[in-house]
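Undergrad: Can you keep this structure in mind? I'll have questions shortly.
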Amino acid sequence: MTTRFLSAVFFLAAAGVPLARAWDPVGHMLTMSIALGDLTPKARTELEATISRFNEREKPDAPYDPVTIPCWMDDVRARTREFNEWHYVNLPFTRDGLPAPEGSRFAPDVIWGVKRCGEIIRAGAIEPGIDRDQAVVMLLHLFGDIHQPLHTTNRNDAGGNRVAISNLEDEQSDLLFTKGGNLHFFWDTSYRRAFKGGKAGVSYSPPLYERERPVAGHMAARALVDQQAAILRKTHPRASFENRNVLDPAAIAGESHTLGFDLAYGKLPAAGDAAAHALDEPYTAESRMCGERRIVLAGYRLADLLNGLLDPPAARRP
């Protein structure tokens, strides 16, 4: 098996560790690149200071920067599973089952995690082992996760991880779970999918890199990420989202769940007697549009959230 992977998480997946990653590293970096364009100067300065302190303490293989830093929560899985349950929430698989009744979920989950990180940042709330800097870093990732439809939708199949897909084609598919990959992995990368030759392939791929150096690998994709972020921002401007001002994590999870229910599962081509589903061109195209818009919307919303947390309006000069 090759020793070069898109990230450390793919190594764990190949080893058989059940994971729910949400967007792949490029997806998280795209959201962050879009968010950075709308930060106030003070919020940007505060974020950069946070990352500098975090790098000094974490001592990664290369310094994280404001675009690559959201990847930390997946990178850290190479050495701990402590935060695995923070990445997703199992909401009822019903059309009208949202939001889940209070007390019906077990913390931690991604809704709880987004709220908890905000509390730590805003008011200095205490969570064992998590200080304000780490809470900022975790929030950047979790806020992207909660926008991924299969991180809130589950048919007792690990959010699609156990739904085999027979015709995925890209640089990682031979490493993941089943030959051809699975539905969750498809949605992790839905925003860059392209149907060609009967396969749900990808329209672009980041450089592969050694699993022991994930941050250096993220940095190698920076130029590609910034280029694609500019395209996405132009294609999906802020004004195109009627719900762009929604920041409540339960409401965002509800949006994602609706998309998971109606599209990710609801329009999935039937497998019939086959062991795996074969994706078709309409499903691939609609999923790509959905993935693009969720990543971009997450970026616009993340900017608003960070501006409120790191540069509170009450503290700004008139």
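Undergrad: Cut-off under 20 Å on the C-alpha distance; same-chain residues fewer than 8 positions from K59 excluded. Which aspartates and glutamates are left, in chain and number order?
TA: E46, E48, D74, D75, E82, D131, D133, E210, E212
Undergrad: From the backbone phi of the range 239-249, what are the Karplus-calculated ³J(HN,Hα) couplings (6.51 cos²θ - 1.76 cosθ + 1.60, θ = phi - 60°) in whole Hz, Gly and Pro given as x?
TA: For the range 239-249, the Karplus curve yields 5, 7, 10, 5, 9, 5, 8, 6, 10, 5, x Hz.
Undergrad: Karplus couplings for the range 142-156 from phi (6.51 cos²θ - 1.76 cosθ + 1.60, θ = phi - 60°), rounded to Hz, Gly and Pro as x?
TA: After applying 6.51 cos²θ - 1.76 cosθ + 1.60, I find 4, 5, x, 3, 5, 8, 8, x, 8, 9, 10, 10, 8, 10, 6 Hz.
Undergrad: Hey, another quick one. What order do you get for 267-273, 60-66 when each peptide is scored by the mean count of other beta carbon atoms within 10 Å, highest first?
TA: The packing order, highest mean first, is 60-66, 267-273.
Undergrad: Most exposed first by the Cβ proxy, i.e. fewest other Cβ within 10 Å, how do C117, C71 rank?
TA: Taking fewest neighbouring Cβ atoms as first place, the list is C117, C71.
Undergrad: Given a Förster radius of 30 Å and the C-beta distance between E119 and Q227 as r, what FRET efficiency does 1/(1 + (r/R0)^6) yield to the nearest 0.05?
TA: 0.25
Undergrad: Where does each of 222-232, 151-161 land if you order them by average Cβ count within 10 Å, highest first? Provide the component values of the computation, followed by the final result.
TA: Values: 222-232: 16.5, 151-161: 22.1.
Final packing ranking: 151-161, 222-232.
Undergrad: Work out the FRET efficiency for F241 and D273 from their Cβ-Cβ distance, taking R0 = 41 Å, and round it to the nearest 0.05.
TA: Efficiency for this residue pair is about 0.50.
Undergrad: Just subtract the alpha-carbon distance of K42 and N156 from 0.36 nm times their residue separation and send over the number in nm, one decimal.
TA: 36.6 nm
Undergrad: Right, another one. Taking amide H atoms as placed 1.01 Å from N in the peptide plane, list the residues 5 or more away in sequence, or in a different chain, whose amide H sits under 5 Å from that of H277.
TA: It is A164, I165, S166, by chain and number.
Undergrad: K115: which lysines have alpha carbons under 23 Å from its alpha carbon, excluding same-chain residues fewer than 8 sequence positions away?
TA: K42
Undergrad: Here's something else I'd like to know. Classify the range 133-255 from the C-alpha gyration tensor, please: rounded if a/c falls under 1.5, else prolate or oblate depending on whether a/b exceeds b/c.
TA: Details: a/c = 1.39, a/b = 1.19, b/c = 1.17.
Rounded, since a/c falls under 1.5.
Undergrad: Related question: What distance in nm separates the simple spin-label points at S205 and R53, each placed 7 Å from Cα in the Cβ direction?
TA: 4.1
Since every read-out is calculated from the coordinates, none of them should be taken as a lab result. A quick note: this is a predicted structure, and the numbers were derived from the prediction, not measured. Using ideal geometry, Cβ is built from the backbone for each residue, glycine included, and neighbour counts are taken over all protein chains shown.
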